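The structure appears right after this line, and notes come after that.
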Amino acid sequence: MDDFEIAKMYVAELNSAAPVTSNSQGQIVFPTPNTTWYVGERVNVTFNEGVPDETVAIFFFNKTDTLAGGPMNRTSFAFAVPPSAISVPENGTSLLLAVRRQNRYLQTVDSVVMHVVAHAP
């Protein structure tokens with residue numbers, strides 16, 4: 001199963017479950033929920049700790065292909081925010097996902113709800 005199929009299952013589960021009170025950020029320490037990013041901005045997704053035999057793929061659900069990723073022996077992954085990640089409507093949100101695998105097997109999906117806008121105010 002590829003990362004995008006896993007993401008669809010994850011979001012379907014979130015939508016069908018009772019309201020979640022626990023933190024779905026998992027190991028993501030930045031961005032925090034409701035952070036605002038701007039199209040073209042260079043950003044980092046930062047994790048709490050690196051795991052040598054784990055990999056990650058980072059993308060916006062239903063908006064982008066993989067934006068960053070690789071071995072989790074590092075904790076920060078940089079990319080430029082693409083126009084396709086814009087939150088719609090203007091005050092809407094985008095869901096940033098990090099699919100983590102260990103030895104190619106799914107470990108977890110971390111997520112952050114955020115705002116992506118076209119231009120800085």
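Please give the net charge around THR46, taking every other residue with its beta carbon less than 12 angstrom from that of THR46, where Lys and Arg add +1 and Asp and Glu add -1.
That works out to -1.
Applying the Karplus relation 6.51 cos²θ - 1.76 cosθ + 1.60 with θ = phi - 60° to the stretch 68-83 yields 3J(HN,Hα) values of 7, x, x, x, 8, 6, 10, 10, 10, 10, 9, 6, 9, 5, x, x Hz, where x marks Gly and Pro. Using DSSP to define loop residues, name the trypsin sites (Lys or Arg not before Pro) in the stretch 48-107 whose beta-carbon has at most 12 other beta-carbon atoms within 10 Å. Within the stretch 48-107, the qualifying trypsin sites (Lys or Arg not before Pro) (loop, at most 12 other Cβ atoms within 10 Å) are ARG74, ARG104. Amide H contacts of ALA68: ILE58, each under 5 Å away and 5 or more positions distant or on a separate chain (H built 1.01 Å from N in the peptide plane; Pro and chain starts excluded).
With a cut-off of 15 Å between beta carbons, the residues surrounding THR55 carry a summed charge of -2, where Lys and Arg count +1 and Asp and Glu -1. With the simple model of a label 7 Å out from the Cα in the direction of the Cβ, THR35 to ASN62 spans 2.3 nm. Gain on full extension, evaluated as 0.36 nm per residue between GLU49 and VAL113 minus their Cα-Cα distance, stands at 21.0 nm.
Read the figures in this text as sums done on the coordinates, not as results from a lab. None of these values were measured; they are calculated from a predicted model. Positions of Cβ are backbone-derived with ideal geometry, glycine not excepted, and every protein chain shown enters the neighbour counts.
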